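Written below as structure tokens is the structure these notes are about.
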Amino acid sequence: LQSIQEVGGYVLIAMNEATNIPLVNLKLIRGQNLYEGQYALLVMSNYNRNHSSATLNYTGGLRQLQLSSLTEILKGGVKMTHNPLLCNTETIQWWDILDKASNPSMLFKTDTFARNCDKCDPGCVNGSCWAAGPDQCQRFTKLQCAEQCSRRCRGPRPSDCCNEHCAAGCTGPKATDCL
């Protein structure tokens, strides 16, 4: 999982009891094929429940969505449901990742279950992170761009604009600098 950098279709993370899914190098989801015709990223039903208990008692499940390199979903939306232990996804600025022009579907069902979550690192811009720690901050490539930038950028100055053909960001202004 750690070596995946790009997905042509959609990413489905479902019915896992693992505490984290380490897709730390995933930069781009193209969305050429979409789940239910509308979703490029789905995170659903990732928990284990103690069924012998009369009250909700989750004994395991996804707590961290380690997508710290994800900077672009070209087509499609995001669906997150039934992840009672999952932390920090409400801090993500999805409009930096998604393409508004594709009119993406967004469906988030947050559980009322009391989670014990670590907060984002104080150095994270806008308090946005995928998990605790300075290496889990959301990487912005759109929302903080200078108005001269046509798509993505690597910082707030006009000289930080990416080439218009870059998906997921860049290291410089030329087409050869695309990530």
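What follows draws every value from the coordinates through simple rules; no lab data is involved. Predicted, not measured: the structure shown is a model, and the values here were computed from it. Please note: Cβ atoms are built from the backbone with ideal geometry, for glycine as well, and neighbour counts cover all protein chains shown.
Tabulated data for the structure shown
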item	result
Computed [θ] at 222 nm, deg cm²/dmol, the chain (DSSP H ≥ 4; -39,500 (n - 2.57); rounded to nearest 500)	-500 deg cm²/dmol
Counting DSSP beta bridges with both ends in the chain, the antiparallel % (nearest 5)	25 percent
Option label - Cα Rg over 2.2 N^0.38 Å computed here, alternatives (1) 1.54; (2) 1.82; (3) 1.08	(3)
Charge tally in the Cβ shell below 14 Å around D99, where Lys, Arg are +1 and Asp, Glu are -1, D99 excluded	+3
In the chain, lysine pairs closer than 23 Å at Cα, eight or more apart or cross-chain	16
Debye equation applied to the C-alpha atoms of segment 89-149, log10 I(q)/I(0) at 0.18 Å⁻¹	-0.78
Within the chain: Cβ-based charge dipole about Cα centre, in debye rounded to nearest 20 (Lys, Arg +1; Asp, Glu -1)	120 debye
Local net charge near W130, Cβ-Cβ under 14 Å (Lys/Arg +1, Asp/Glu -1)	-1
